[in-house]
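Read through the structure below, which is laid out as structure tokens, and then see the notes.
Values in this text are rule-based calculations from the coordinates and carry no lab data. Just so it is clear, the model here is predicted, and its values are computed rather than measured. Using ideal geometry, Cβ is built from the backbone for each residue, glycine included, and neighbour counts are taken over all protein chains shown.
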Amino acid sequence: MILLDTHALIWLAFEPAKLSKAAREAIHESARTGGLGISAITLWEAAWLVTHRRIDFTGTADAFLEEISSRTAVFPITKQIALLANQLPATYPRDPSDRLIGATAMSEGIALVTKDRTIRNCKQIKTIW
């Protein structure tokens, strides 16, 4: 199991060529053997992107979220994740979504697929790119 950052999930769905070779290979292998996961906050971000027409999806936000949910494990935001998100170093992105996604990867003990260099520089989170 690996966790997908929101942009990795969107690129996987719409522009897989934007993913690095290592990310594509890890996603393919994990989908085959252990599955793909996302943080619950990623559902909110995806709904926002569809609602505000930031991605080219012809259906409704509800249909998009249903598609995502059927293909990934959705990790809820737990008390532990909320606490971990607030314990990440000051050098970690300040965006609450980024913090919750990183904390989810930490809590679950799984790697996070992300292009975000600042997240990848965080020693507490195993990342793939």
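Out of Leu112, Leu65, which single residue is without any contact (Cβ under 8 Å) to a residue 40 or more places away in the chain and either under 13 Å from His7 (Cα atoms) or not aromatic (Phe, Trp, Tyr) (or both)?
On inspection, the qualifying residue turns out to be Leu65.
Go through (1) in a loop (DSSP other than H, G, I, E, B); (2) on the phi < 0 side of the Ramachandran plot; (3) of a type outside the set (Phe, Trp, Tyr) for Ser30 and report which single condition fails.
Unmet condition: (1).
If you scan the stretch 81-129, which residues turn out to be polar (S, T, N, Q) and in contact with a helix residue (DSSP H, G or I) (Cβ under 9 Å, 6 or more places away or on another chain)?
Asn86, Gln87, Thr91, Ser97, Thr104, Ser107, Thr114, Thr118, Gln124, Thr127
Tell me which residues, restricted to the stretch 96-117, are closer than 20 Å to Lys18 by Cβ and exposed (fewer than 14 other Cβ atoms within 10 Å of the Cβ).
Correct list: Arg117 only.
Looking at this structure, is Phe57 in contact with a helix residue (DSSP H, G or I) (Cβ under 6 Å, 6 or more places away or on another chain), surrounded by 20 or more Cβ atoms within 10 Å (Cβ to Cβ) and of a type in the set (Phe, Trp, Tyr)?
no
If Glu66 satisfies all but one of (1) in contact with a Phe, Trp or Tyr (Cβ under 8 Å, 6 or more places away or on another chain); (2) within 20 Å of Ala13 (Cβ to Cβ), what's the number of the condition it fails?
The one condition Glu66 does not meet is (1).
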